[in-house]
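Colleague: My questions all concern the structure below.
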Amino acid sequence: MKIVHISAECFPIAKIGGLADVVGSLPKYQNELGANSAVIMPFYKVPFSDNQEFDVILKDTLALGHNYHQFRILKLKNSTLGFELFCVDIPGLLDKEYVYSENDTERFLAFQIATLDWIITLKEKPTIIHIHDHHTGLTPFMITQSFKYSKLKNIPTILTIHNAQYQGWFSHEKSHLIPPFNYDNVGLLDWDGSINPLATAIKCAWKVTTVSPSYMNELKKNANGLEQLLSSESKKCVGILNGIDWSVWNTETDIKLEKNYTKNTVISGKKVHKKILCNQFKLNTKKPLFVFIGRLVGEKGADLFPEIFTKALEENDISILLLGSGHKEIEIALSKITNNNYNNYIGYSENLAHTMYAGADFILMPSRVEPCGLNQMYALRYGTVPIVNEIGGLKDTVTDIDKNNGFGITHKGVTIHKVVDAIKRASIFYKDTDKFRKNQKQIMTINNSWTNSAKEYLSLYKSLIN
């Protein structure tokens, strides 16, 4: 089975969010199960690209409306990623130092056209074309409606929605940028008066998946305007929980850690990293350490952090450390917290993130929207207890300690009171040393690897082929 994943992001090449982690892991695990899975993505001017060698396997010109752009398809030499990586190089459009900008319509449409122009030249066509989010959402439409791609129309296409809040809207005035198609079917492009790539993909793809079962159910009630569409297309929709790459997120081999550890040495291992963090950020090693790692945006509940942190620190004998960036007003408000038991790193550091997963006692994830969430899985793998809102993938992966076989702290809804109360419950749990340490060992054994998810995707593919 030959699978091509089409995506705007892929770890470790270019990462903005969880999309990159998924696309950088799922194909590898599919290949380990006997598939032939590859990734094609834009060629950005990023450090990874500068330090690698590529073969040029195709040079051609694509039409974007009345404009023409030269492009190349590049193949990564000597890939150690676990899958073949192809990149679309379009000078002037994709070769930027950033992944996303304010107006990406032409950039990602050109990327999709070049990708299909390449696929149609292949002697052995893909068995499955798997697209990810709105950046690739017009691909199923072009395969079925654009005349030049008619030879591809029988290839099953799968859309995975990683975040339905972003849909790639643009005006019908730009419909001429799409390769000529049967205009009688222009309605497939439309949702609420605009061309909506995500809505178009939901209509045209053979199957639609989301990154957790709970998120699929939630989208039928809250999908930024697509609720009715997803409900009407529910028969072809399925939620498949994301996984994490256990070869990367492995405390026994993680090269970013000062001291590697196992579930049997988790206490001493985490103590080393907690001391590193507390020394660096001037915190007390004797207090339970709560961390947040992620974007400072409303979806993550970050707008409430200044008040949550202030209140939680006043009411509990704890420390809080934050790693992230986002809305400037949130960053400024966080900088004004004067409590000595709080500190932050505004920005992002992969090395620091790994140390925080290893050194923290608890990770905070009071998300209002969390399609799947990966941080809670990383935390569990590193023996760190997640504190989560019961939503999306968080609901599917974290069970409260007050329930049978529970191991985390959960709360229903995101308010200052509810999150602070969850932090209080966690600090009480921390004081029960024997129970807390036993839980740390237990959560490290929870299998959230990609293996099971990869099997589910392969089964889905096979059902479409048959």
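Colleague: Phe407 is checked against (1) more than 20 Å from Ser427 (Cα to Cα); (2) surrounded by fewer than 19 Cβ atoms within 10 Å (Cβ to Cβ) and fails just one. What number does that condition carry?
Modeller: The failed condition is (1).
Colleague: Pick from region 348-367 the residues that are part of a loop (DSSP other than H, G, I, E, B) and modelled with pLDDT of 95 or more: which of them is nearest to Ala426 (Cα to Cα)? Before the answer, list the steps.
Modeller: From region 348-367, those part of a loop (DSSP other than H, G, I, E, B) are 348-349, 360-361, 366-367; that's our starting set.
Among the residues that remain, those that are also modelled with pLDDT of 95 or more are: 360-361, 366-367.
Values: Ala360: 13, Asp361: 9, Pro366: 14, Ser367: 17 Å.
Among those residues, the one meeting the criterion is Asp361.
Colleague: Restricting attention to region 272-295, does a residue exist that is in the same structural domain as Phe436 (by TED's automatic domain parsing), touching a Pro at 6+ places or on another chain (Cβ under 8 Å) and either surrounded by fewer than 23 Cβ atoms within 10 Å (Cβ to Cβ) or charged (D, E, K, R) (or both)?
Modeller: no
Colleague: Name every residue in region 33-62 that is more than 28 Å from Tyr457 (Cα to Cα), without any contact (Cβ under 8 Å) to a residue 40 or more places away in the chain and part of a loop (DSSP other than H, G, I, E, B), in order of residue number.
Modeller: Asn51, Gln52, Glu53
Colleague: Can you tell me which residues in region 38-74 are buried (at least 17 other Cβ atoms within 10 Å of the Cβ), over 30 Å from Glu173 (Cα atoms) and modelled with pLDDT of 95 or more?
Modeller: Ala38, Val39, Phe54, Leu74
Colleague: Is there a residue being touching an Asp or Glu at 6+ places or on another chain (Cβ under 6 Å), surrounded by 19 or more Cβ atoms within 10 Å (Cβ to Cβ) and in contact (Cβ under 8 Å) with a residue 60 or more places away in the chain anywhere in region 138-152? Steps first, please.
Modeller: Filtering region 138-152 for residues touching an Asp or Glu at 6+ places or on another chain (Cβ under 6 Å) gives none.
So far as region 138-152 goes, no, none of its residues is touching an Asp or Glu at 6+ places or on another chain (Cβ under 6 Å), surrounded by 19 or more Cβ atoms within 10 Å (Cβ to Cβ) and in contact (Cβ under 8 Å) with a residue 60 or more places away in the chain.
Colleague: Continuing with this model, one more query. Looking at region 312-346 only, could you name the residues that are in contact (Cβ under 8 Å) with a residue 60 or more places away in the chain, under 25 Å from Glu390 (Cα atoms) and buried (at least 17 other Cβ atoms within 10 Å of the Cβ)?
Modeller: Ala312, Asn316, Ile318
Colleague: Residues of region 162-201 being more than 18 Å from Thr105 (Cα to Cα) and crowded, with 22+ Cβ neighbours inside 10 Å, which ones?
Modeller: His162
Colleague: Could you tell me whether any residue of region 427-450 is within 30 Å of Ala35 (Cβ to Cβ), in contact with a helix residue (DSSP H, G or I) (Cβ under 6 Å, 6 or more places away or on another chain) and not in a loop (DSSP other than H, G, I, E, B)?
Modeller: Within region 427-450, one or more residues are within 30 Å of Ala35 (Cβ to Cβ), in contact with a helix residue (DSSP H, G or I) (Cβ under 6 Å, 6 or more places away or on another chain) and not in a loop (DSSP other than H, G, I, E, B).
Conditions (1) assigned to a helix (DSSP H, G or I); (2) in contact with a strand residue (DSSP E or B) (Cβ under 8 Å, 6 or more places away or on another chain); (3) among the hydrophobic types (A, V, I, L, M, F, W, C), marked per residue:
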site: Asp95; (1), (2), (3): no, yes, no
site: Val99; (1), (2), (3): no, yes, yes
site: Glu106; (1), (2), (3): yes, yes, no
site: Ile113; (1), (2), (3): yes, yes, yes
site: Asp117; (1), (2), (3): yes, yes, no
site: Leu122; (1), (2), (3): no, no, yes
site: His130; (1), (2), (3): no, yes, no
site: His135; (1), (2), (3): yes, no, no
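Colleague: Can you give me the number of residues within region 1-32 that are part of a loop (DSSP other than H, G, I, E, B) and within 18 Å of Thr80 (Cα to Cα)? Working first, answer last.
Modeller: Initially, region 1-32 is screened for residues part of a loop (DSSP other than H, G, I, E, B), giving 1, 7-9, 11-13, 15-17, 24-25.
Still in the running and within 18 Å of Thr80 (Cα to Cα): 9, 11-13, 15, 24-25.
The qualifying residues number 7.
Colleague: Can you name the residue in region 75-93 that is part of a loop (DSSP other than H, G, I, E, B) and without any contact (Cβ under 8 Å) to a residue 40 or more places away in the chain and, of all such residues, is surrounded by the most Cβ atoms within 10 Å (Cβ to Cβ)?
Modeller: Initially, region 75-93 is screened for residues part of a loop (DSSP other than H, G, I, E, B), giving 77-83, 90-93.
After this cut, where a residue has to be without any contact (Cβ under 8 Å) to a residue 40 or more places away in the chain as well, the list is 77-80, 91-93.
Values: Lys77: 10, Asn78: 6, Ser79: 13, Thr80: 5, Pro91: 11, Gly92: 10, Leu93: 21.
It comes out as Leu93.
Colleague: Within region 245-264, is there a residue that is among the hydroxyl-bearing types (Ser, Thr, Tyr) and over 24 Å from the mean Cα position of the chain (by Cα)?
Modeller: As a first pass, look at region 245-264 and keep what is among the hydroxyl-bearing types (Ser, Thr, Tyr): 247, 251, 253, 261-262.
Then drop every residue that is not over 24 Å from the mean Cα position of the chain (by Cα), which leaves 261-262.
The answer is yes, given that some residue of region 245-264 is among the hydroxyl-bearing types (Ser, Thr, Tyr) and over 24 Å from the mean Cα position of the chain (by Cα).
Colleague: Quick one: count up the residues across region 384-408 that are in a loop (DSSP other than H, G, I, E, B) and closer than 16 Å to Pro371 by Cα.
Modeller: Let us first name the residues in region 384-408 that are in a loop (DSSP other than H, G, I, E, B), namely 384, 390-391, 398-399, 401-407.
Narrowing further to those that are closer than 16 Å to Pro371 by Cα: 390-391, 398.
So the answer is 3.
Colleague: Shifting gears a bit: Can you spot a residue in region 121-132 that is within 19 Å of Leu74 (Cβ to Cβ) and of a type in the set (Ser, Thr, Tyr)?
Modeller: Taking every residue of region 121-132 in turn, at least one turns out to be within 19 Å of Leu74 (Cβ to Cβ) and of a type in the set (Ser, Thr, Tyr).
Colleague: Looking at the structure I just gave you, is Ser234 under 21 Å from the mean Cα position of the chain (by Cα) and under 29 Å from Leu374 (Cβ atoms)? Lay out the reasoning, then the answer.
Modeller: Details: under 21 Å from the mean Cα position of the chain (by Cα): no; under 29 Å from Leu374 (Cβ atoms): yes.
Against the criterion (under 21 Å from the mean Cα position of the chain (by Cα) and under 29 Å from Leu374 (Cβ atoms)), Ser234 does not qualify.
Colleague: Mind checking which residues of region 400-420 are of a type in the set (A, V, I, L, M) and under 21 Å from Ile443 (Cβ atoms)? Even if it seems obvious, please write down each step before you answer.
Modeller: Here is the first cut: in region 400-420, the ones of a type in the set (A, V, I, L, M) are 401, 409, 414, 416, 419-420.
Ile401, Ile409, Val419 - these are the residues of region 400-420 that are of a type in the set (A, V, I, L, M) and under 21 Å from Ile443 (Cβ atoms).
Colleague: Of the residues Lys235, Lys282, which is without any contact (Cβ under 8 Å) to a residue 24 or more places away in the chain, out of contact with any Ser or Thr (no Cβ under 8 Å at 6 or more places or on another chain) and among the charged types (D, E, K, R)?
Modeller: Details: Lys282 fails: without any contact (Cβ under 8 Å) to a residue 24 or more places away in the chain.
Criteria check complete, one pass: Lys235.
The values are calculated or read from the model by the stated rules, or taken from the named source; none is laboratory data. Being a predicted model, the structure only gives us computed values, none of them experimental. A quick note on method: Cβ atoms are made from the backbone with ideal geometry, for glycine too, and the neighbour counts reach across all protein chains shown.
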